[in-house]
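**Q** Handing you a structure now.
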Amino acid sequence: MTKLLKIRNLSISFTQYIKGLNQKELQVITDLSLDIHESEIIAILGASGSGKSLLANAILGILPPNALVSGSIKYKGNELTNQLRKKLKGTKISLIPQSVNYLNPLMIVQEQAIGTTQTQEEKEEKILRQQKIFKEYGLSKDVNQMYPFQLSGGMARKVLISTALLNNPDVIIADEPTPGLDQQAVTETINNLINLKKKKVGMILITHDINTAIRTSDKIAILYLGFVIEITNTKNFKDNGEKLLHPYTKALYNALPETHFKLTKGTQPSYHNIPKGCPYQENCPHKTDKCIKILPELKTINDTQIRCHHPLIKGE
């Protein structure tokens with residue numbers, strides 16, 4: 001499969017002022033590496049504040065001015081510079097935003113979908129393409145003339161997905177596409193996202209819902225305190241989760257009602273107090289002195305990448 005995005009050692013911090021003019025650097029994403037291939041959905045899973053949406057913003061180049069960024073993001077082998085981002089954003093790299101409030105309440109759907117065009121011929125061509133895609137997603141011609149307040153939650157999601165497809169993107173970033181939807185709309189949205197793989201689209205699905213990640217993705221990347229701590233095939237989230245190697249990933253899986261419904265104590269630490277060693281050490285039942293003192297590197301075991309000194313390898 002073609003590698004669409006290659007992210008290596010991405011770190012993002014913010015310069016903040018504390019107590020007057022004193023500055024402090026707040027590290028929010030650390031040493032993040034990730035690949036996105038065509039016809040593949042990789043889910044970025046983590047609690048609120050773990051850095052998921054910040055990763056999307058970094059790819060799209062919409063970080064605030066006080067962000068300090070290091071590392072590399074490449075699109076098809078080319079460094080994703082600001083100049084290249086402007087060329088690709090909305091065309092080859094598209095966003096399905098988190099909120100339907102992204103739609104302009106003062107514009108009809110069709111005007112928002114086709115955006116600005118240079119010529120009448122280009123406009124007519126884009127309208128034909130937009131109507132074809134809308135039809136594929138079960139949106140009638142009546143939707144074209146509707147305002148966002150006239151759409152149901154499911155219809156609005158379909159409009160956002162359809163609009164993201166208008167320019168035949170290679171990469172789609174879907175930022176929390178299911179919150180607030182009823183179960184039928186969630187299922188429809190998930191099926192719509194899965195069907196995008198047939199168009200050879202590579203997708204980053206950002207979510208805090210482990211069930212949505214399991215039902216939709218091919219791989220799942222677990223974020224904790226801005227660190228990728230495990231990247232594993234989604235098929236490993238089954239049975240007793242014996243192929244899940246990180247204690248946090250296993251705890252997430254065991255907390256599901258359909259598995260063991262076993263909840264663990266503790267919360268994600270603050271970014272103001274990131275531990276020196278393993279980011280998960282405060283809540284890990286397998287913690288040792290090594291975990292406290294040394295940050296584990298992201299290493300590969302079988303089909304999994306894991307950042308842990310003591311991976312849960314069955315039989316060891």
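**Q** Name the single residue that is modelled with the lowest pLDDT among those in the stretch 91-110 being in contact with a helix residue (DSSP H, G or I) (Cβ under 9 Å, 6 or more places away or on another chain) and not hydrophobic (A, V, I, L, M, F, W, C).
**A** Restricting to residues being in contact with a helix residue (DSSP H, G or I) (Cβ under 9 Å, 6 or more places away or on another chain) and not hydrophobic (A, V, I, L, M, F, W, C), the top hit is GLN98.
**Q** Follow-up. Could you run through the stretch 131-154 and say how many residues are out of contact with any Asp or Glu (no Cβ under 8 Å at 6 or more places or on another chain), surrounded by fewer than 21 Cβ atoms within 10 Å (Cβ to Cβ) and within 17 Å of ASN195 (Cα to Cα)?
**A** Residues that pass the stated criteria total 6.
**Q** I've got another one for you. Spot the failing condition for THR178; the list is (1) assigned to a loop (DSSP other than H, G, I, E, B); (2) open to solvent by 30 Å² or more (accessible area, probe 1.4 Å), and only one is missed.
**A** (2)
**Q** Which members of the stretch 182-205 meet the condition of being β-branched (Val, Ile, Thr) and surrounded by fewer than 22 Cβ atoms within 10 Å (Cβ to Cβ)?
**A** Residues satisfying the conditions are VAL186, THR187, ILE190, ILE194.
**Q** Still on this structure: Can you go through LYS92, LYS24 and tell me which one is farther than 30 Å from ILE214 by Cβ, open to solvent by 40 Å² or more (accessible area, probe 1.4 Å) and among the charged types (D, E, K, R)?
**A** After applying the criteria, what remains is LYS24.
**Q** When only residues in the stretch 32-78 that are assigned to a strand (DSSP E or B) and closer than 19 Å to THR249 by Cα count, which is most open to solvent (accessible area, probe 1.4 Å)? Give the steps one after another, and end with the answer.
**A** So in the stretch 32-78, the residues assigned to a strand (DSSP E or B) come out as 32-37, 40-45, 67-75, 78.
Narrowing the set further to residues that are closer than 19 Å to THR249 by Cα leaves 32-34, 41-45.
On the way: LEU32: 1, SER33: 21, LEU34: 5, ILE41: 1, ILE42: 2, ALA43: 0, ILE44: 1, LEU45: 5 Å².
Among them, the one singled out is SER33.
**Q** So, one more: Looking for whichever is surrounded by fewer than 20 Cβ atoms within 10 Å (Cβ to Cβ), of a type in the set (Val, Ile, Thr) and in contact with a Leu (Cβ under 9 Å, 6 or more places away or on another chain) here; the options are VAL171, VAL109, VAL100. Which one fits?
**A** Matching residue, one of VAL171, VAL109, VAL100: VAL100.
**Q** Give just the number: which of (1) in a loop (DSSP other than H, G, I, E, B); (2) closer than 25 Å to THR304 by Cβ; (3) within 17 Å of the chain's Cα centre (by Cα) does MET1 not satisfy?
**A** Of (1) in a loop (DSSP other than H, G, I, E, B); (2) closer than 25 Å to THR304 by Cβ; (3) within 17 Å of the chain's Cα centre (by Cα), only one is false for MET1: (3).
**Q** Report every pair of residues separated by at least 6 positions or lying on different chains whose Cβ atoms are under 8 Å apart, first residue within the stretch 150-167 and over 10 Å from VAL109 (Cα atoms), second of a type in the set (Lys, Arg) and in a loop (DSSP other than H, G, I, E, B).
**A** ASN167/LYS92
**Q** Do any strands (runs of 3 or more DSSP E) lying entirely in the stretch 215-311 carry at least 1 residues that are among the polar types (S, T, N, Q), and which ones are they?
**A** 227-233, 298-301, 304-307
Condition check ((1) in contact with a strand residue (DSSP E or B) (Cβ under 8 Å, 6 or more places away or on another chain); (2) open to solvent by less than 50 Å² (accessible area, probe 1.4 Å); (3) at pLDDT 95 or above) across all residues:
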{"position": "THR212", "(1), (2), (3)": "yes, yes, no"}
{"position": "ARG215", "(1), (2), (3)": "no, no, no"}
{"position": "PHE261", "(1), (2), (3)": "no, no, no"}
{"position": "GLU282", "(1), (2), (3)": "no, no, no"}
{"position": "LYS293", "(1), (2), (3)": "no, no, yes"}
{"position": "ILE313", "(1), (2), (3)": "yes, yes, no"}
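The values are calculated or read from the model by the stated rules, or taken from the named source; none is laboratory data. These numbers come from a predicted model, not from an experiment. All Cβ positions, even for glycine, are placed from backbone atoms using ideal geometry, and neighbour counts span all protein chains on display. Please note that ligands, DNA and RNA were not included when accessible areas were found on the heavy atoms of the full protein model with its side chains. Shrake-Rupley method; radii C 1.70, N 1.55, O 1.52, S 1.80 Å.
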